[in-house]
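Asks: The structure's right below; bear with me while I get my questions together.
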Amino acid sequence: MAAACPEARLQAPAATTLAAGAQPAAAYQTPVKPAPRLPDDEARAELLRALDLLDSPPEEVFDRITRLVATVLDVPVALLSLIDRDRQFFKSAHGLPLRETPRGISFCGHALAQQAPLIVPDATLDDRFAGNPLVCAAPYVRFYAGVPVYSANGVPLGTVCAIDTRPRELSPEHLRALQDLAAVAQREIIHRESMRLSREVSEHSAEAVRASELRLAATFEQAAVGMAVFSPRGRWLCVNRRLCDLLRYSEAQLLALKLEELVHQDDRAATRLQAVELLHGRGAWCSRELRLLRSDGQPIWVNVTASMVAAMPGQPPNVLAVIEDIQDRKHMERALAALTEDLERRVAERTTELQGANLLLSEALVREQASQRDARSRELELRAVLENAHDAYIAIDQDGTIFDWNRQAELTFGWSREEAVGLKIDETIIPPAFREAHRKGMAHFLATGEGPALNRRLELSATRRDGDLLPVELRITVLPSLSGRQMFCAFLHDISERQALQQRLARQSLEDDLTGLANRRALYDQLAAAMARCRRSGKALGVLFLDLDGFKAVNDRLGHQAGDELLRQPARRLRTVVRETDTVGRLGGDEFVVMLEALQEPAADCKRVADKLIESVSEPFELGEGRIGQVATSIGASLYRPHDATTAEALLMQADAAMYEAKRQGKGRLHLIESSPSCGQPAR
């Protein structure tokens, strides 16, 4: 059973020993080839510390990404690894109990050195990793796939990677999925860089503002997404290098064109209408996915986020556009639509929200650099950002009194701004059970300056005005204040839909959509667990493999809708015949499996239950609109006893073979194979 579960080999004690630098006995056979040093090591280490990404607690925004990598690629381990001077730190580690390992034995250091995705199908066959302690001992890495993650200035920071304990190949679809998820992590880090830059501008003098202008120009030119400014008539005024590369035009060629000339014909009407609404003041910004035409005439999907920016006095405002390449994401959406359609939509919405907030903050930054005389205007713009944010924003003073409350806070918690301002925070949204703890925590921070909840993403419960509890994601920071009194701002995001989605996805992954029975994956998991219980209890386990005789004829004669109903009704009858402790599942098509546990007289018990199942299924079924369908069932049975040397797959194959023997003998009957095959070999 251990061989069927790769996660069982990820042993925390052994892995911790390797992280401390010890070499296992097998490691001396092949020299370890350490990851190469990079010229930008110092810049990377300083940036990671400035962004509070090293030696910081796990964050849900990154943990969601590694969970998605593990789910989509079906691997036991997924990491967001950041490369420090002499180590790699795991900002998010799904399926691995480590937080860091020495840099010399890291796979991710090799990925950063080649500045491209690193795919290692079998580490034991790769000269770079065959002698690596992480390969020779726990966690026994065999397969590795890592995609580099960069800063806004192109400094490689780390990788989003997938690890398995068995060799395997990575399909193009899975590689694109891994690259898209790495891009989500990269956008989050770049967003933090932008927020950090915004704070620096607000805190520095006019000299710092002038220096920020140079940084903004560098950010514009070196941004990982296309950026451009164009006039109200759609004429490009300036473009960055990334946009030229994306559309395969030179800068001079782009500046000679109008935006509409590059928009795909099918998207022009909607784009023109949205541009008119933006230029006439019916919105501060807009965002749209559309197709642009490259220089060779080929279309490429992009996300364009546009907003108005001030021009020279007396001149109409121009439009700032952020143009993101989403071509690969579109391909992945089509390839994985059946599995990730709903989840991808939420990721895209969240990404758009972050882009919109970042764009509005960038506008405020440009106006800050223009003149200190526009301070009041920047304050109003910041208020617009907060009022249009999709997160609830609440600001309190050190006494816990609310002095700011945005529109989303009104919608989320039910108090209007006029009602909330002046109230105590612990008398409004903090649940009664946690109010005393909040007061003590506030007093402790004011006395010592220590606040474990500050600058972290926390998931907790908040109270609405009607008394209902609401799950939220919270991030709270301290605001600078010239008066010496502490001020706090909190962003709260309603995560009830996300939690419901996660629960629904977990349930759907183990349930057959048509019948509500356990699906193939759940059957294999439950059969392995039932075999383990059998070995502990000493009682036999019976597996019945059912196939509906005559189902195809009814399905062909009455149609697929009646055929689906002819699968649902037998499923309900099967569950009424067996005990509550027994398991009924659908493998696919018209094949069902029944697992009977704790059998006293294995052969007799299987025959007794099979007779009831045959009798129950043979009764006619009402299929609606006066239609009647009738089928029979052939059943193959196999037995598993505590000391049998077999696997779940072999046990099912044996029952399947017995079912075909029952059909050969005349259908509508049971054929039982009592002897169990050797491990991995089907019964004959």
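The values are calculated or read from the model by the stated rules, or taken from the named source; none is laboratory data. Just so you know, these numbers come straight off a predicted model, no measurement behind them. Please note: Cβ atoms are built from the backbone with ideal geometry, for glycine as well, and neighbour counts cover all protein chains shown. All accessible areas refer to the heavy atoms of the entire protein, side chains included, with ligands and DNA or RNA removed. Shrake-Rupley method; radii C 1.70, N 1.55, O 1.52, S 1.80 Å.
Asks: Compare the peptides 399-408, 175-184, 448-457 by average per-residue count of other Cβ atoms within 10 angstrom and give them in order, highest first.
Replies: Highest to lowest by the protection proxy: 175-184, 399-408, 448-457.
Asks: Once neighbouring chains are kept in place and the probe is 1.4 Å, which whole percent of the accessible area of the stretch 31-167 is contributed by carbon and sulfur?
Replies: Solvent-exposed carbon and sulfur of the stretch 31-167 make up 53 percent of the total.
Asks: Which whole-percent values make up P(r) of the stretch 413-485 when all C-alpha to C-alpha distances are grouped in 5 Å steps starting at zero?
Replies: Result, from short to long distances: 3, 13, 19, 26, 22, 12, 4, 0 percent.
Asks: So, one more: For the stretch 569-684, what percent of Cα pairs sit more than 25 Å apart?
Replies: 22
Asks: I've got another one for you. Which entries in the list K539/K667; K612/K667; K539/K607; K552/K667; K607/K663; K539/K663 go over 22 Å, if you measure between the two C-alpha atoms of each?
Replies: K539/K667; K539/K663
Asks: Ok, one more. Please turn the phi angles of the stretch 246-263 into ³J(HN,Hα) values with the Karplus equation 6.51 cos²θ - 1.76 cosθ + 1.60 (θ = phi - 60°), one per residue in order, whole Hz, x for glycine and proline.
Replies: Here the 3J(HN,Hα) series is 5, 8, 6, 10, 6, 4, 4, 5, 5, 5, 8, 10, 9, 4, 5, 5, 9, 7 Hz.
Asks: Another question, then. Considering only protein heavy atoms and a 1.4 Å probe, what is the carbon-and-sulfur percentage of the accessible area of the stretch 437-529?
Replies: With neighbouring chains kept in place, the figure for the stretch 437-529 is 52 percent.
Asks: Taking the C-alpha atoms of the stretch 78-131, how large are the radius of gyration and the largest Cα-Cα span, Dmax, in Å?
Replies: 11.4, 29
Asks: On the accessible surface of the stretch 568-618, probed at 1.4 Å, how many percent belong to carbon and sulfur atoms?
Replies: For the stretch 568-618, the apolar C and S fraction of the accessible surface comes to 48 percent.
Asks: Related question: Quick one: what are the phi-derived ³J(HN,Hα) couplings along the stretch 487-496, Karplus 6.51/-1.76/1.60 with θ = phi - 60°, whole Hz, x for glycine and proline?
Replies: Couplings: 10, 10, 10, 10, 10, 10, 10, 5, 10, 5 Hz.
Asks: So, in nm, how far is label A447 from label A113 when the simple model puts each one 7 Å beyond its Cα toward the Cβ?
Replies: Calculated label separation equals 5.3 nm.
Asks: If you don't mind, there's one more thing I want to ask. Per residue, how many Å² of accessible area does the stretch 382-500 show with a 1.4 Å probe?
Replies: About 53 Å² of surface per residue is accessible.
Asks: For the stretch 531-657, build the charge dipole from Cβ charges (+1 Lys, Arg; -1 Asp, Glu) around the Cα centre, then report which of V578, I635, A540 sits farthest towards its positive end.
Replies: Result: A540.
Asks: What do you reckon, how do S92, S496 stack up by accessible area (1.4 Å probe), largest on top?
Replies: Final ranking, largest accessible area leading: S496, S92.
Asks: What does the highest-first list of 294-300, 232-238, 488-494, 637-643 look like by mean Cβ count within 10 Å?
Replies: 637-643, 488-494, 232-238, 294-300
Asks: Sticking with this one: Can you list the HN-Hα couplings for the stretch 299-309, worked out from phi with the Karplus curve (6.51, -1.76, 1.60; θ = phi - 60°), rounded to whole Hz and with x for Gly and Pro?
Replies: x, 9, 6, 9, 10, 9, 10, 10, 8, 7, 10
Asks: Name the long-range amide H neighbours of L517: under 5 Å, sequence gap of 5 or more, or other chain; modelled H, no Pro or chain starts.
Replies: D512
Asks: Keeping every protein chain present and rolling a 1.4 Å probe, give me the accessible area per residue for the stretch 60-163 in Å².
Replies: 27
Asks: Quick check: pseudo-label points 7 Å beyond the Cα along Cα→Cβ at R176 and R294, how many nm apart are they?
Replies: With each label placed 7 Å out from Cα toward Cβ, I get 1.4 nm.
Asks: What per residue convex hull volume, in Å³, comes out for the stretch 524-574 when only alpha-carbon positions are used?
Replies: Hull volume normalised by residue count: 96 Å³.
Asks: Taking only protein heavy atoms into account and a 1.4 Å probe, give the accessible area per residue of the stretch 517-582 in Å².
Replies: Value returned for the stretch 517-582: 49 Å² of accessible area per residue.
Asks: Ok, one more. For the stretch 396-442, compute Rh as the Kirkwood radius over C-alpha pairs and then the Stokes-Einstein diffusion coefficient at 20 °C and 1.002 mPa s; write the answer in µm²/s, rounded to an integer.
Replies: Answer from the Stokes-Einstein relation: 194 µm²/s.
Asks: With each pseudo-label sitting 7 Å past Cα toward Cβ, what's the R272-D605 distance in nm, one decimal?
Replies: It works out to 7.6 nm between the two label points.
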